[in-house]
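Read the structure below first, then the notes.
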Amino acid sequence: MKVPELSDASLDGLRSFDQLSLVNAIDSLRSSGIDHYVSLPQIIVCGDQSSGKSSVLEAISGVPFPIKSTICTRFPIELVLRNAPVEALEVRIVPHQSRSESDQQSLLSFNKTLESFSDLPELINSAKSAMTVLTPGMSFSRDILRIEIHGPDRPHLTIVDLPGLIHSETKDQSVDDVTLIQEVVQGYMKQERTIILAVVSAKNDHANQIVLRLCRTIDPRGRRTLGIVTKPDTLLQGSPTEQKFISLVKNDDIKFSLGWHVLRNLDSEEGSYSLEHRNTREEYFFSRGSWAGIPTSSLGIKNLRSRLSKLLVQQIAIELPALITEIETKSTWCISQLNQMGKPRESMEEKRAYLVQLSQSFQRLVTAATEGTYNDKFFADATTGFDKRLRAVIQKLSIAFSAEMRKNGREYVLSSQAGCKSRVVTHEQLCEEVMDLVEKTRGRELPGLLNPMIISDLFRKLSSPWEDIASSYVEKVWKATQAFLNHALKAVTDNGTAEAIMNVALRPKLAQIRENLHVKLDELLQPHREGHPITYRDNFENDLLQDGFNEEAISSAIEEKLRRFLRAGPSSPSVSISGHFNLQALHTELLELHRPYFENARYNAKCAIGYVDKYYEAALGRLIDDIAVQVIESNLVSALEQILDPLTIVKMTDSEINQIAGETEETRETRQLLQNQLDTLNKGTDIFQRHQRSGIFTLAQELQQQIDKQSFWHSDSPKADIEAGEDPKFAEEVQSISDEFSANDEAITPQNDGIHAKVEGLDAEEGAELALLEKRKLKKKGKHALKKDRDRYDFFKARETLA
């Protein structure tokens, strides 16, 4: 089949670069289907409905599209131009992933071969019918009509024409249609490697056109947006409206880093026409009137093709390293997911073998976590992976438990502390309470003696908060362990199998472990709740002797009284005393020191308080350690060593194995999707390896280095650049220099020839701006002089390099 050649050589501009091998590599990737998983550099045409998008696409590609005023694009049309030795023109439908299996198969069967471009409009209507977009309730579609044109004279390029954005619903276009088109268009625009051709019709006020609002939202810095004004011939010459659009094209209004362009396409009502006729009419229109003052590089289809070619090659060169990294990262992720899922499991032996292998990997993580060796990548870093580091989590909870017991473990305290929940009492209040308790607990002891059981009663009251604090601690450790086991399972298998293992094998064991923990805790607490105080610590008696009523304390008090009355203490061997002293007062104060011994009830109460306080400290430390060792370590951590070991798998019944390792239809589909994705990504890797021999990486690196050399700084705050905006004074300087340049390249004056040579490939206005930026950089030695405008400087230098 012979595809007719384009007599106007409309695509020559897209094939005229030494860097064509870069485009070849990207086109090979697209052919492999990798664009389903990673974003590839492409050009999209978007705009409001009836803005002239299809005419722009036709003018760029040379492929005739139906552009009657009553017809609009009702689905994305992806035009794929490929350089190939065999000429062919194929049209097929790529169904959206949201389609049912049967619908996808039906649409995939739509694969047509054309003999002539003139058959394309009819074929597009056939595609509409196949997608059922002509039926009520489904005016637009997410499916893609892919038109592939192969031939030795064709470039490698992909252009996508998107449905026009609708302002409001009509009888033929529902609210759902408006929403659907917005979602489709924004989905393409948000792909970071996409060049956006924002088509703006001169028939309507640009401020009211949806496409510009979307561009400002999705690409706020305008780095990858090129504005295109269509239908300039509908404007009244010299009118204010025409001047507004001329200002727009000059980048004075809505500023895009890639600038603006103007096309004059023939109206669909003018009837049939050849592309040569279209181009002639366009050149004639721009040679007259106000548009003649616009730089020629921003006018007409020929200059637009050249402009797009440079932008596409530059973007490919910049994006290539990130694209390779993304493919490698996603390939690694697919392999990891497939490894977690394991090989397909059909027989009982395969299922059991899979679980045995899984249990070994699982127990290795458990052992590492309990021993505190966090070398495996599963544990991540200490911040993001802390909840996976079980030993560290237990240590933190145990330290917090100890602090909580010491802070809030007493039922009462003699002085308030920040955050303390205990009851605050004075020493006198406490003595009164204890004396009352002594009175009510008298036994067979002689009058004036203390019943030993009072110590037990006081201790149980003082330590009453222990049980709640300890139970809360055990629960926290148990829940942290359960969370860790969930993480570990999901690290060695897929989510479905992990959930099955947790439900069938681990959750019953964890419930038993939890019960054992509380049984052991209750066993440790019981002596403190029901027994009598027991301790044989060597220093316990010595601690009691340091109480406020012991000999040392009384001696110290007597010494203080003597010093106050006699100005000398017992430490002095002798002292000469002269003068008069109130011995009666001294006698009274010394007697007061011994009064507790004369008041047996109060003395006994204070002794009891002292005994309980000292025993409390001894019992508290012992209990904290016992809980940490006998409850947590012996009944929880030790139980994890065999919670899902291979022997556990061997002992499982066939029914349990099926419940855990039996694959659902969803699991099989997921594995197939992952394998398909990995195969496609591997094709991409193979393509890069083949093209590496052709030198595309060297070419890309050289181009990137040339771009980088023009940048004398690195942006630390893109946000600051946005907020900074454009310096009005700088804009005026640019305009003043721009006025020195003629809009026509042939009108460049001799004194400007040197500057023009430097900025070849830029239009006059852009050249003026770059020249001023160069002047600023040299004057202020570059480093910070262009802070607000460094992005535009980089962009212009890149354009200069490509030229």
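Some points to look at:
- Any hit, segment 158-167, residues being within 30 Å of I324 (Cα to Cα), out of contact with any helix residue (DSSP H, G or I) (no Cβ under 9 Å at 6 or more places or on another chain), modelled with pLDDT of 80 or more and assigned to a loop (DSSP other than H, G, I, E, B): no
- Enumeration of residues in segment 97-121 that are modelled with pLDDT of 75 or more and within 20 Å of V45 (Cβ to Cβ): L120, P121
- The condition (being in a helix (DSSP H, G or I), of a type in the set (A, V, I, L, M) and at pLDDT below 65) is satisfied by just one residue among L544, L525: L544.
- Within the option set E282, E276, being assigned by TED's automatic domain parsing to the domain that holds S201, surrounded by 14 or more Cβ atoms within 10 Å (Cβ to Cβ) and in a helix (DSSP H, G or I) holds for one residue only, E282.
- Test: E371 is acidic (D, E), surrounded by fewer than 21 Cβ atoms within 10 Å (Cβ to Cβ) and outside the structural domain of S471 (by TED's automatic domain parsing): no
- Filtering K440, K421, K407 for residues that are in contact with a helix residue (DSSP H, G or I) (Cβ under 9 Å, 6 or more places away or on another chain), more than 30 Å from A491 (Cα to Cα) and either assigned by TED's automatic domain parsing to the domain that holds V612 or touching a residue at least 24 places away in the same chain (Cβ under 8 Å) (or both) leaves a single hit, K421.
- Matching residues in segment 489-522 - criterion: being among the β-branched types (V, I, T), modelled with pLDDT under 95 and assigned to a helix (DSSP H, G or I): V492, T497, I501, V504
- Any helices (runs of 4 or more DSSP H) falling wholly within segment 617-706 and containing at least 3 residues that are modelled with pLDDT of 85 or more, touching a Phe, Trp or Tyr at 6+ places or on another chain (Cβ under 9 Å) and surrounded by 15 or more Cβ atoms within 10 Å (Cβ to Cβ): 665-692
- Scanning segment 209-228 for residues that are among the basic types (K, R), out of contact with any Pro (no Cβ under 8 Å at 6 or more places or on another chain) and surrounded by fewer than 20 Cβ atoms within 10 Å (Cβ to Cβ) turns up R213, R216, R223.
- Among the residues of this structure, T179 does not count as one that is free of Cβ contacts under 8 Å to residues at least 40 places away in the same chain and more than 21 Å from S141 (Cβ to Cβ).
- Within segment 30-87, being at pLDDT 80 or above, β-branched (V, I, T) and not in a loop (DSSP other than H, G, I, E, B) holds for I34, I43, I44, V45, V56, I77.
- Condition check for I210: modelled with pLDDT of 90 or more, under 29 Å from V313 (Cα atoms), under 27 Å from the mean Cα position of the chain (by Cα) and not hydroxyl-bearing (S, T, Y): no
- Test: residue in segment 139-147 that is out of contact with any helix residue (DSSP H, G or I) (no Cβ under 7 Å at 6 or more places or on another chain) and either at pLDDT below 80 or outside the structural domain of L165 (by TED's automatic domain parsing) (or both): yes
- Looking across segment 387-444, the residues that are in a helix (DSSP H, G or I), among the aliphatic types (A, V, I, L, M) and closer than 30 Å to E475 by Cα come down to L390, A392, V393, I394, L397, I399, A400, A403, M405.
- Check on S247, assigned by TED's automatic domain parsing to the domain that holds S61 and of a type in the set (S, T, Y): yes
- Filter result (over 19 Å from I43 (Cβ atoms), not in a helix (DSSP H, G or I) and not basic (K, R)) within segment 202-237: A202, N204, D205, Q209, P220, L235, L236, Q237
The values are calculated or read from the model by the stated rules, or taken from the named source; none is laboratory data. Since the model is a prediction, treat every value here as computed from it, not as a measurement. When we count neighbours, we look across all protein chains shown, and the Cβ atoms used for this are built from the backbone with ideal geometry, even at glycine.
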